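S.K.: Dumping the structure here so I can ask a few things about it.
None of the figures in this text is laboratory data; all of them are computed from the coordinates on show. None of these values were measured; they are calculated from a predicted model. For neighbour counting, all protein chains shown are included, and Cβ atoms are generated from backbone atoms with ideal geometry for every residue, glycine included.
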Amino acid sequence: MNNPAITKIDFKALKYIADGGAILGSGGGGDPYVGRLMAQQALGSNNTVAVIDIDELPDDALILPIAMMGAPTVMLEKFSSGEEIPKLISMMERFLGKKVAAILCIEAGGLNSTIPFIAAAQMQLPIVDGDAMGRAFPELQMVTFTLGGIQATPMAMMDEKGNGATFDTISNSWAEKLARALTIEMGGAAMVSLYPVTAAQCRNYLIRGSLTKAHRIGQIMAEHGANACAALVEEFDGTHLFQGRVRDVNRVSEGGFARGTVKLEGLGDFINREITLSFQNEFLIAREGDNVLATTPDLITLLDIFSGDAVTTELVKYGLPVNVLGLPCDPIWQSPQALEIVGPRYFKLDYDYKPI
Amino acid sequence: MIRVGIDVGGTNTDAVVMKNDEFLGGEKSPSTPDVYTGVELAVRGALARASINANQVDAVMLGTTHFVNALVERKRLANCGLIRMCLPSGSSLFPFADWPNELVEAINGTFHLVNGGYEMDGTEIAPLNEEQLLKAADELFEKGCRQIAISSVFATVRNDMEHEAKKLLQKKRPKIDVSLSCDIGRMGLLERENAAIINASLKPLAKEVVEAFQKLQGSVGFDCPLFFTRNDGTLIDASEVLRLPVLTFACGPTNSMRGAAYLSGIKDALVVDIGGTTTDVGEVINGFPRLAGTSVTVADVRTNFSMPDVLSIGLGGGSRIRPEQPLAIGPESVGHELLQRAYIFGGDVLTASDLAVSIGRAKMGTHAAPEIENADELKQLLDQIISDAVARTRTSDKQMPVIAVGGGSVLLGAQVDGLEVIRPPHHDLANAVGAAIAQISGEVSKVVSLSEELDRETAIAQITQEANEVAISRGADITSLSMLSLSDVPLSYLPGNNLAISVTVVGDLKMEQRK
C-alpha cells in the first residue's frame, strides 16, 4: 500500500469508509448504512474527525474501542439517544482512573466500522488509523489483542435511557455471556466499550492503517464501479478467485449465527467451473471440489458484477452474478497461535489455511 | 359482472372491458398532460370495441402512475412534518437523514421528536405525553404543515401509541391531517417514517386525482363504484386512496404481472414486461407478485412498504443500438417516438425493434428492416441482457415459464435463461387487465400472548376471521375468501410465549345483482 495515510474524516470520507468497510466485512458485520448516517449526523456537514497514527501517542495513552452490541433488527428500529457514548467514556475513565486519548475501531468491517466515528466526532477525540481484526469476525475474542493476552474487560455498556454497567470478568467468554444477557434487558442493543488498551499495548497488536485502507477501497469502488474488483486485486495484492452466478444458497441458523453454503456457476473466463463458499456470518472458505481457493483468515468478499458493491451473506440470493475477491489478511493472523482462534479448523472446516 | 380496467402510464393509457373471465375489448391511447382526454379516449374506445354501454358496467378499476410521478418530478407535493415518538431513544439519527435536499425542500420537510415508542417486546420506552405532542404539532402547523406524519419505535410490534396520538390530534387540532407509519411500512424506523412522510405529501394530490376520476365517471356515464389498485394487486376504495395514496404507488408493475398471469392462465411464472424504454422483470407466485424483502428506493428515498420485487433495466422496443464495437443496446431510447424514428417506420435511428425485425423475431413497421452490421453479435447481446435480468429475478432453479407482455415483447426469442417464453393474447394490454381482475383484501397484524386457553392454531384462526371481516367490510364476497399470506414470528427474549401474527386474505369483489 503506497497511499498516503488519511488524516481527517469528513462526510465524503465517511461514505468511502462505509463502502470499504462493507468489502472488509468479508460478507458479514452487518449493513453499515444506519451507522454511517449516525456518524454523519454526529459529524455535522462542516466538521471533521482527526485520524492519527498510533506512534503519535505516548506509551501510557489510553485508547478506547467503541462498538454496538446486540440484535441488528433492534438497531434498525430503536436508534441510540446520542448520549450513550459520552457517558460510556466517562464510566471507563472513572473505572480506569485515566483520561482517554483516542478512539479505536474494534473491527474494520461492517456496521462497527462506522460507529467509532460517532464517538470521535462527539468527544472531539482523534481516531487511531487501525483496528483489531483488519476485517469482520463473528466472535468477541477474535481480535489481535487476544494474541497479546489482553482482556476484553474492564468493559462498559450503556443504553439509551441512561442505564450503564461495567464488567470485570475472569475470562473473555464470561464477558461475552454476561454482556449478551444485559443487552437483552436493555432492549436488545446497547453501546459498548471493551478491550481498553494503552498505546504501548496497542502498538504490538494493532492492525495498522486499516482506516486508510477502507477509505482507499471505497474510493476505488467509486472510481471503478462495476470494474472495482480488478482494481482492488491490483492495488491490494488480491486474487480474482471467481466470477459466477449464484445457483444455490443453503442457510441454517445455528447458535445465534447465520451459517450456510453458496454455490456459484462460472461465467466469463470461469465458464464450466463451479465453486462452493461456506459462511458463518462471514465467508470462511472458497472451494472448487476439494481444491481450496481461499480460507479464513484471508478475506473472501463478493461483489455484484453490475454495481461493484459488496454483497453480504444476508443479501446473497439465487441468480445474482458476482465476482469473488480474495484479499490477504494481515500477517499477524498467519501464526499457528492466531490460526487456532480464526483459522479454518476453529470453524470446524477440515482444511489447512492456505494463504492466497 | 362487467368490469372496466384502466391503466394510466407515463406513455400510454390502456383500458379493457371484461365480462367475468372473458376479455371483451380493449384500447390503447396516448396519455395526455390533462390525463382526462387520454383516459376518456381509451375508455370510450374499449367500450365501443366490447359493444358495452357505460351504464352496463358494474365496477371501474384504476391504476395510475400519478403519485409516483409527482414524487419523481417533485411537483404538486404538500408541505409536511413528522413527529417521531421515540424519546429518550432516537436522537442519534434524525428523520429525513439521507433524503435528497431538493425533495426535503419541495415538501418543506421538518420534524419533532417526542416521548414514546416501544421496545421490541412491546413495553413502553416512555408513555405518550399529550402536552408535548400537541406543542410539537402546533410548531409544525406554524411552519406551514397541514399534513403531519407520525412514527413510533417498534410500531410494527404495537401500534396503539400512534393511534392514540392520531385520535388526540383529530380531536384537539382538527385542521391537521395525520398519516401513521404503522398503516404503511414495516420493520425499520427510518424507512417506515419515510414512507409515512411520502404518504402525507401526496394527500392533497390524491384528493385532486380522485375527484378528477369521479368527474370522468359522470362524463363517460358510468353508474358504478370506482376502485384504485394497490401495490399488492388488490383494490382500495376511492375514500381509502384519500387516506393512503402511497399504497397505490407501484401498482403499474403489479397490474402487469397479475394481468400476465391471468391472460396466460399460468399462476407461477416469471413475467417480462417490455415497453418502449424499459423492461420490468418480476415473479408471480399463485397469481400475485413476489414482494421485495428489504428496502426499496423510490425517487431516491429509502422506504419499506410492500412493493413487488421488480428489476427494471434500460431496454425497450425503442432502445438505441450502437452497431460498432463496443456494441450496445440502450439505455438511451427514442421512447414514444419509435413510430417516427426507427428505420422500420421510415426514420433514421437504429433501434431494438429494427433488430427484432431484421433477425426475424417480429414482423412490423412500414419499411423494410435495415442491413445491420454485427447482427448476430447484437442478437447475442440482446438475449444476454434479458437473460441476466431474468436470472437475477429467479429465486430457484425450478423450471417455470417466462410470460412476455408489453409492446416490446417481440424482442424476446423462444427461450430466456433456458426457460420457455409464452406470449399470451392481448399481452400489450396486460396492465389494464391486471387492474380489471384485482380483488379485495383484508389484513390484520397483531401480537398475541399464547396460553393454555389460546394455542397457536386458535390464535391464527381468530386473526384470520378478523381479516375476513375487514375484507367483507370492504366489499369482498364471503364465499370467495382465501388466505394470501400468513406469517407468525415468535418474539424472542421475552417471558411468556408471544407471537406476532399477520394474515392477509383476498376475495372477489361482491356485486349486487343489477340490471
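S.K.: Charges on Cβ only, +1 for Lys and Arg, -1 for Asp and Glu, centred on the Cα centroid of chain B; of B:48, B:137, B:250, which one is farthest towards the dipole's positive end?
M.R.: Of the candidates, B:48 comes out farthest on the positive side.
S.K.: A further question follows. What FRET efficiency do you get for residue A:170 and residue A:335 if R0 is 22 Å and r is their Cβ-Cβ distance, rounded to the nearest 0.05? Let's see the in-between values first.
M.R.: Details: r = 26 Å, r/R0 = 1.17.
With R0 = 22 Å, the Cβ-Cβ based efficiency is 0.30.
S.K.: Within the stretch B:199-222, whose backbone N sits under 17 Å from a point 7 Å along Cα→Cβ of residue B:170?
M.R.: B:200
S.K.: Averaged across orientations, what area in nm² does the convex hull of the alpha carbons in the stretch A:37-100 project?
M.R.: So the mean shadow area of the Cα hull is 5.9 nm².
S.K.: Calculate the FRET efficiency for residue A:261 and residue B:97 from the Cβ-Cβ distance with a Förster distance of 45 Å, rounded to the nearest 0.05.
M.R.: 0.80
S.K.: Continuing with the same structure: Go ahead and estimate [θ] at 222 nm for the protein assembly as shown from helices alone: -39,500 (n - 2.57) per DSSP H run with n ≥ 4, summed, over the residue count, rounded to 500.
M.R.: After summing the helix terms and dividing by the residues of the protein assembly as shown, the value is -9500 deg cm²/dmol.
S.K.: A follow-up question, please. Write down the Å³ per residue value for the convex hull defined by the alpha carbon atoms of the stretch A:237-347.
M.R.: That works out to 109 Å³ per residue.
S.K.: Compute the distance from the alpha-carbon center of the stretch A:124-177 to that of the stretch A:183-212, in whole Å.
M.R.: 5 Å
S.K.: Provide the gained length on full extension for the span residue A:288 to residue A:161, in nm with one decimal, where the gain is 0.36 nm per separating residue minus the Cα-Cα distance.
M.R.: Difference between extended and current length: 40.7 nm.
S.K.: Now a separate question. For the stretch A:160-258, what is the convex hull volume of its Cα atoms per residue in Å³?
M.R.: Looking at the stretch A:160-258, the number lands at 222 Å³ per residue.
S.K.: Ok, one more. Taking all pairs of different Cα atoms in the stretch B:265-429, averaging 1/r and flipping that mean, what Kirkwood radius in angstroms comes out?
M.R.: Value: 16.5 Å, from the Cα pair sum.
S.K.: Considering the alpha-carbon set of the stretch A:94-137 alone, what are its Rg and its Dmax in angstrom?
M.R.: 11.3, 32
S.K.: Right, something else. For the protein assembly as shown, what is the convex hull (Cα atoms) projected area averaged across all directions, in square nanometres?
M.R.: 37.9 nm²
S.K.: Which residue, A:21, A:268, A:188, has the most motion in a Gaussian network model of chain A that connects Cα atoms within less than 10 Å?
M.R.: A:268
S.K.: If you don't mind, another one. How big is the charge dipole of the stretch A:123-214 about its Cα centre, in debye rounded to the nearest 20, if each Lys and Arg gets +1 on its Cβ and each Asp and Glu gets -1 on its Cβ? Before the final figure, lay out the partial values.
M.R.: Details: 7 positive and 8 negative charges, 60 e Å.
The calculated dipole for the stretch A:123-214 is roughly 280 debye.
S.K.: Next up: Once the Cα atoms of helix A:33-43 and of chain A are each reduced to a long axis, what angle between those two axes, in degrees from 0 to 90 to the nearest 10, is obtained?
M.R.: The angle comes out at about 40 degrees.
S.K.: Using only Cα atoms, find the angle between the long axis of helix A:11-24 and the longest principal axis of chain A, and express it within 0 to 90 degrees, rounded to the nearest 10.
M.R.: Helix A:11-24 sits at roughly 50 degrees to that axis.
S.K.: Work out how much length residue B:36 to residue B:51 would gain on full extension: take 0.36 nm times their residue separation and subtract the Cα-Cα distance, in nm to one decimal.
M.R.: Gain on extension, residue B:36 to residue B:51, equals 3.2 nm.
S.K.: Can I ask one more? Please report the relative contact order for chain A, taking Cα pairs under 8 Å with a sequence separation of at least 6, and give it as a percent rounded to a whole number.
M.R.: Numbers: 830 pairs, mean separation 71.2, N = 356.
Reported as a whole number, the value is 20 percent.
S.K.: No solvent, one uniform scatterer per C-alpha: report log10 I(q)/I(0) for chain B via the Debye equation at q = 0.09, 0.12, 0.13 1/Å, two decimals.
M.R.: Log-scaled intensity ratios, in q order: -0.69, -1.16, -1.30.
S.K.: Beta carbons within 10 angstrom, averaged per residue: use that to sort the peptides A:79-88, B:79-88, A:230-239, highest first.
M.R.: Result, highest mean first: B:79-88, A:79-88, A:230-239.
S.K.: With an 8 Å Cα cut-off and a minimum separation of 6 or more residues, compute the relative contact order for the stretch A:116-171 in percent.
M.R.: 19 percent
S.K.: What percentages, rounded to whole numbers, describe P(r) for the stretch A:41-150 computed over all alpha carbon pairs with 5 Å bin width beginning at zero?
M.R.: Taking every Cα pair in the stretch A:41-150, the percentages come to 2, 11, 20, 24, 23, 14, 5, 1, 0.
S.K.: Taking 8 Å as the Cα distance limit and 6 or more residues as the minimum spacing, I'd like the relative contact order of the stretch A:27-130 as a percentage. Please report the intermediate quantities before stating the final value.
M.R.: On the way: 140 pairs, mean separation 50.0, N = 104.
That works out to 48 percent.
S.K.: Next up: I want to verify a result. In a Gaussian network model of chain A, Cα cutoff 10 Å, which of these has the top mean-square fluctuation: A:315, A:339, A:62?
M.R.: Residue with maximal mean-square fluctuation among A:315, A:339, A:62: A:315.
S.K.: Based on Cβ point charges of +1 for Lys and Arg and -1 for Asp and Glu, what charge dipole magnitude is obtained for the protein assembly as shown about its Cα centre, in debye rounded to the nearest 20?
M.R.: It works out to roughly 1340 debye.
S.K.: Could you give the size of the charge dipole of chain B about its Cα centre, using +1 on the Cβ of each K and R and -1 on the Cβ of each D and E, expressed in debye and rounded to the nearest 20?
M.R.: 1060 debye
S.K.: Please give me, ordered by residue number, the trypsin sites (Lys or Arg not before Pro) of the stretch A:253-356 that lie in loop per DSSP and have at most 13 other Cβ atoms within 10 Å. Spell out each step's value before the answer.
M.R.: On the way: sites: A:259, A:263, A:273, A:287, A:317, A:345, A:348; in loops: A:273, A:317, A:348.
Those satisfying the criteria are A:348.
S.K.: Based on alpha-carbon positions alone, could you give the equivalent ellipsoid semi-axes of chain A from the gyration tensor, as √(5λ), descending, whole Å? All intermediate terms of the calculation are to be shown ahead of the outcome.
M.R.: Numbers: eigenvalues 206, 93, 76 Å².
For chain A, the ellipsoid semi-axes come out as 32, 22, 20 Å.
S.K.: Another one. Where is the GNM fluctuation largest for chain A (alpha-carbon springs, 10 angstrom cutoff): A:115, A:52, A:23?
M.R.: A:52
S.K.: Largest first and in whole Å, what are the equivalent-ellipsoid semi-axes of the stretch B:76-202 based on the Cα gyration tensor, each being the root of 5 times an eigenvalue? Before the final figure, lay out the partial values.
M.R.: Details: eigenvalues 85, 56, 31 Å².
Over the Cα atoms of the stretch B:76-202, the semi-axes work out to 21, 17, 13 Å.
S.K.: Quick one: the Cα spread of the stretch A:246-298 along its three principal axes, in angstroms, biggest first?
M.R.: Per principal axis, max minus min of the Cα coordinates gives 38, 23, 17 Å.
S.K.: Let me know the mean shielding of B:193-201 by other chains, meaning the per-residue number of their Cβ atoms within 10 Å of its Cβ. Present the calculation step by step, with values, prior to reporting the outcome.
M.R.: Values: counts 0, 0, 0, 0, 0, 0, 0, 0, 0.
Mean number of neighbouring Cβ atoms from other chains: 0.
S.K.: Under the Kirkwood approximation applied to all pairs of distinct alpha-carbon atoms, what is the hydrodynamic radius of the stretch B:322-396 in Å?
M.R.: Evaluated over the stretch B:322-396, this radius sits at 13.1 Å.
S.K.: Ordered by packing density, taken as the mean number of other Cβ atoms within 10 Å over each peptide's residues, highest first, how do B:194-202, B:439-447, B:18-26 rank?
M.R.: Ranking the peptides B:194-202, B:439-447, B:18-26 by packing returns B:194-202, B:439-447, B:18-26.
S.K.: According to the square roots a ≥ b ≥ c of the eigenvalues of the Cα gyration tensor, what is the shape class of the stretch A:216-284, taking rounded for a/c under 1.5, prolate for a/b larger than b/c otherwise, and oblate for the remainder?
M.R.: oblate
S.K.: I've got another one for you. Could you let me know the centre-to-centre spacing of the stretch B:127-146 and the stretch A:1-42, using Cα atoms, in angstrom?
M.R.: 36 Å
S.K.: Once a ≥ b ≥ c are taken as the square roots of the eigenvalues of the Cα gyration tensor of the stretch A:8-211, is the result rounded (a/c under 1.5), prolate (a/b larger than b/c) or oblate (a/b not larger than b/c)?
M.R.: rounded
S.K.: When the C-alpha atoms of the stretch B:374-515 are aligned to their principal axes, what extent does each axis show, in angstrom, from largest down?
M.R.: 72, 56, 18
S.K.: For chain B, find the longest principal axis of its Cα atoms and tell me its angle to the long axis of helix B:375-393, 0 to 90°, nearest 10.
M.R.: 20 degrees
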